[in-house]
Amino acid sequence: MTAAKGFVVPAGGGKHHASPTPGRFFDLKLFGRETGDSIMLFEETLPPGTRSLYHLHHESDEVAWVIAGEMTFKIGDEVTVGGPGTCAFMPRTVPHAWKNTGSDTARVVFLYTPALAGGYIEEMSELPPGPMSAEEQRRLCQQYRWEILGPNPL
């Protein structure tokens, strides 16, 4: 890992990426390549009912901090519901999933450390608009050490 130079991402800065899901988007703020691969951070806007894949990361821990809305997290065997201010830690190799179970749009800040797993989101933001192919998803999972375990159980 190389040393990173400090910097500030101003309000509205970073990279905006619209998901194929209406109303869902990502605001990428800190890229792994900018932080010496230490962390990757983004804010995601999630309409009600939006859910993650049921997955794990082999080489990165994940943190989710709820800014607005209500999110349900499944981490290992534990299920927890939380609103604004809730912070979830999802250790590497532990299966996890989340879902916006509230009636309003949620906003969540996600952080990966080290940044490797965040490369999936970074590269996804570079793909052409539209749904990702199964082949592309397999490639990203292999490259960024994600493992998809099945449908979201929430």
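Read the figures in this text as sums done on the coordinates, not as results from a lab. Small disclaimer: the values here were computed from a predicted structure and weren't measured. Cβ placement follows ideal geometry from the backbone for every residue including glycine, while neighbour counts extend to all protein chains displayed.
Give, as a single signed number, the net charge of other residues whose beta carbon lies under 13 Å from the beta carbon of H17, with Lys and Arg counted +1 and Asp and Glu -1.
-3
If you average the sequence gap of Cα pairs under 8 Å that are 6 or more apart and divide by the length of the chain, what percent do you get for the contact order? Don't skip to the answer; put the middle values down first.
Working: 359 pairs, mean separation 42.5, N = 154.
Relative CO of the chain lands at 28 percent.
Once you have the Cα-Cα distance between I148 and M132, take 0.36 nm times their residue separation minus that, and quote the gain in nm to one decimal.
Values: separation 16, 0.36 × 16 = 5.76 nm, distance 1.44 nm.
The span from I148 to M132 would gain 4.3 nm if fully extended.
How would you rank C141, C87, going from fewest to most other Cβ atoms within 10 Å of each one's own Cβ?
In increasing order of surrounding Cβ atoms, one gets C87, C141.
For the chain, with only Lys/Arg (+1) and Asp/Glu (-1) charged at the beta-carbon, what is the dipole magnitude about the Cα centre, in debye rounded to 20? Don't skip to the answer; put the middle values down first.
Details: 13 positive and 18 negative charges, 21 e Å.
So the magnitude is around 100 debye.
What is the local net charge at P153, summed over the other residues whose Cβ is closer than 11 Å to its Cβ (Lys, Arg +1; Asp, Glu -1)?
Once positives and negatives cancel, what remains is +2.
If you add up the charges near T35, with Lys and Arg at +1 and Asp and Glu at -1, over every other residue whose beta carbon is less than 12 angstrom from its beta carbon, what do you get? Please list the in-between numbers first.
On the way: positive: K5, K29, R33; negative: E34, D37, E122.
Neighbourhood net charge equals 0.
Give the order of Y120, Y144, Y112 when sorted by the count of other beta carbons within 10 angstrom, beginning with the fewest.
Y120, Y144, Y112
I need the shape label for the chain. Rule: rounded when a/c is under 1.5, else prolate if a/b > b/c, else oblate, with a, b, c from the alpha carbon gyration tensor.
rounded
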